[in-house]
Amino acid sequence: MQESEVGIVGESGDADDGQRAGFGGHNRERNRWPRNVLVGQEIIAQRALLFTKAQPKESDARQIGGDDGQVKRPEFESVQVRSPVLSRIAFSTQTLNNLEANKTCIDAGNCLRYFQLNLFTIKIFFMMHRVLMIVGTVFFVALLGGGVFMIYKFRHVRQFYHSLKMPAMPDGVKTARVVSGGDRFSKEVFYREPDLGLITDIRQNKNHEVVIVGQHGAAFLTEDRTLSKKVRFDFEGCSSEVIPVELGSGSFLCRGSWNTDVTLLDSGGKTLWSYGGSSPGIDDATAGELGKDGLKGVVVGLNGGGGVRLLSSDGKELWKQEDGNVWHVEIVAGDEKSGNVVLHSNAGGELTVRDANGNIVGRYVPDIYLANFSLSGWRDDLHLNKLVAVDEDFVYVMSMQGRTITHLRVPGNAGIAEPKGTPVHFSKNTPYYASLLRHYEWSRSLLYIYDEENQLVYDEVLDHDCDALHAVPEKNGTEYLLLGCDGSVWKYSQAKK
């Protein structure tokens, strides 16, 4: 008998037409591997289990064609395995041990049947192994990429990073005091009502009433400080700012936060609707008219990837645009072509301008990371189309394009603060600028007043949480400054000489 090799693919028509290739021409089994076994790289496998070369010797008494018709067990030699799956099988120590222990693979036919019975289980094992390797690799790459991204971002978000650390209160702000300029300005109580909670907005209405809005209610005062109306809100309280609005039957808007929904209330303090924004969480909201047509609505900025959204006067979502961590939003007068536009900050510390449909018409990178800001006038321009922002050392006044108009020194400030600012004419011909920095985590506030040359002329540390600043005109052409804190409003005037 001539030596015959068992290869990786059996020939369906070999020897003669009535026989299969390989040992045993009448076993009615094809000597070919399942069709889903692919031919892959060429690997030399030691002690290969499937593909063997039988070597009967003529002098052996157990040789085929001898007197007793017995077959000598084949010796296993190194062969070429061309399937990636089978190459792994050939190197499986457990499979080798099982074969040697059970003495199952005594000829190529039995080897074939053995592996046909066990190939599915082995393939499942290696498929699971491959899946786990892929998942692990993807996870590692995502983790590595996320780490690189965070390192890159935190180079530009130093303010936000420090705010997460919640530093201890610095010694310089622990004690309430007038640091400098106490002889230039006088201070007195303008209005006090603890039921209002933290005062978050002060402005004058069309009737020249001073409207004082707190987290729990609002008070309306005539020019002689007589209380004309008081409103109590019908919910437990807004943990964010509450502002007066003109939005259909809505008169007050709770701007919302992570733990407070955006809420519109009527003139009597009754809730009209609330909007939670689902899982991303609220960062901020404001209300007003947008575009040339004066579309009224509420613009909402959301945390995470929630983006920015516009709600109708009845709280229905009109559009949604993607962005990350929309920290603060405002509606600002644009040019004659666009009308009022949306202005907001984001996770990148950028300043973004959007039209009435939410489309980006401008995106700018200020000199500092921009998170919290407020609207302000500057000098004799009282239009609220300037921004006030702060870092640890300076208050920045910016244009709508993020360009720094000026920066003002804030000695004693530390950590993150929520800024407010307004021009105020304590005298007819001298424009001052007042800036309030709120440190709510310490229940402390810092008030700075600058003269027309941007020199600091007044510096005060208040042991109150203060969140409102407004200049009120008087009949003689001068103005006084109102500062809203927790349950009280303070009045600042130029000291009489």
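The values are calculated or read from the model by the stated rules, or taken from the named source; none is laboratory data. All of these numbers come straight from a predicted model, not from anything done at the bench. Neighbour counts run over all protein chains shown; Cβ positions are idealised from the backbone, glycine included.
TYR480: touching a residue at least 24 places away in the same chain (Cβ under 8 Å), hydroxyl-bearing (Ser, Thr, Tyr) and within 21 Å of PRO411 (Cβ to Cβ), yes or no?
For TYR480, the condition - touching a residue at least 24 places away in the same chain (Cβ under 8 Å), hydroxyl-bearing (Ser, Thr, Tyr) and within 21 Å of PRO411 (Cβ to Cβ) - is not met.
Which of the numbered conditions does GLY412 fail, given that it passes all the others? Conditions: (1) of a type outside the set (Val, Ile, Thr); (2) in a strand (DSSP E or B); (3) within 14 Å of VAL173 (Cα to Cα).
Here GLY412 meets the rest and fails (2).
This table checks each residue for (1) more than 15 Å from ILE243 (Cα to Cα); (2) not in a strand (DSSP E or B).
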| position | (1), (2) |
| --- | --- |
| TRP273 | yes, no |
| PRO280 | yes, yes |
| THR286 | no, no |
| LEU290 | yes, no |
| ASP293 | yes, yes |
| GLY297 | no, no |
| GLY301 | yes, no |
| GLY304 | yes, yes |
| ARG309 | yes, no |
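Give the residue that is modelled with the lowest pLDDT, with candidates limited to residues of the stretch 242-280 that are among the small types (Gly, Ala, Ser) and crowded, with 18+ Cβ neighbours inside 10 Å.
Top of the filtered list is GLY277.
Pull up the stretch 380-391, narrow it to residues that are out of contact with any Leu (no Cβ under 8 Å at 6 or more places or on another chain) and free of Cβ contacts under 8 Å to residues at least 60 places away in the same chain, then point me to the one that is nearest to THR430 (Cα to Cα).
Ranking the candidates gives ASP380 first.
Quick check on my filter: what residues within the stretch 401-445 are within 21 Å of SER493 (Cα to Cα) and of a type in the set (S, T, N, Q)?
The answer is THR422, SER427, ASN429, THR430, SER435, SER445.
Could you tell me whether VAL461 is part of a strand (DSSP E or B), in contact with a Gly (Cβ under 9 Å, 6 or more places away or on another chain) and in the same structural domain as PRO366 (by TED's automatic domain parsing)?
Answer is yes for this residue.
For every residue, the table says whether it meets (1) within 21 Å of GLY256 (Cβ to Cβ); (2) exposed (fewer than 15 other Cβ atoms within 10 Å of the Cβ); (3) not assigned by TED's automatic domain parsing to the domain that holds SER257.
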{"position": "GLY305", "(1), (2), (3)": "yes, yes, no"}
{"position": "LYS316", "(1), (2), (3)": "yes, yes, no"}
{"position": "GLU322", "(1), (2), (3)": "yes, yes, no"}
{"position": "VAL326", "(1), (2), (3)": "yes, no, no"}
{"position": "ILE331", "(1), (2), (3)": "yes, no, no"}
{"position": "SER338", "(1), (2), (3)": "no, no, no"}
{"position": "GLU350", "(1), (2), (3)": "no, no, no"}
{"position": "ASP355", "(1), (2), (3)": "no, no, no"}
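If a residue has to be within 19 Å of HIS328 (Cβ to Cβ), surrounded by fewer than 19 Cβ atoms within 10 Å (Cβ to Cβ) and among the basic types (Lys, Arg) to count, how many in the stretch 371-397 make the cut?
The number of residues fulfilling the criteria is 0.
Can you name the residue in the stretch 421-446 that is in contact (Cβ under 8 Å) with a residue 60 or more places away in the chain and in a strand (DSSP E or B) and is also surrounded by the fewest Cβ atoms within 10 Å (Cβ to Cβ) among such residues?
Only one residue tops the list, namely SER427.
Sort through LEU143, LEU196 and tell me the only one that's out of contact with any helix residue (DSSP H, G or I) (no Cβ under 9 Å at 6 or more places or on another chain), aliphatic (A, V, I, L, M) and modelled with pLDDT of 95 or more.
LEU196
Among the residues in the stretch 281-298, are any touching a Ser or Thr at 6+ places or on another chain (Cβ under 8 Å), at pLDDT 95 or above, surrounded by 21 or more Cβ atoms within 10 Å (Cβ to Cβ) and hydroxyl-bearing (Ser, Thr, Tyr)?
no
Would you point out which residue out of LEU462, LEU483 is of a type outside the set (Asp, Glu) and closer than 25 Å to SER399 by Cα?
Answer to the selection: LEU483.
Yes/no per residue for (1) in contact with a Pro (Cβ under 9 Å, 6 or more places away or on another chain); (2) modelled with pLDDT under 95; (3) buried (at least 17 other Cβ atoms within 10 Å of the Cβ):
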residue: PRO419; (1), (2), (3): no, no, yes
residue: TYR448; (1), (2), (3): yes, no, yes
residue: ASN454; (1), (2), (3): no, no, no
residue: LEU462; (1), (2), (3): no, no, yes
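Going by what's in this entry, would LYS496 be described as of a type in the set (Lys, Arg) and in contact (Cβ under 8 Å) with a residue 12 or more places away in the chain?
The answer is yes for LYS496.
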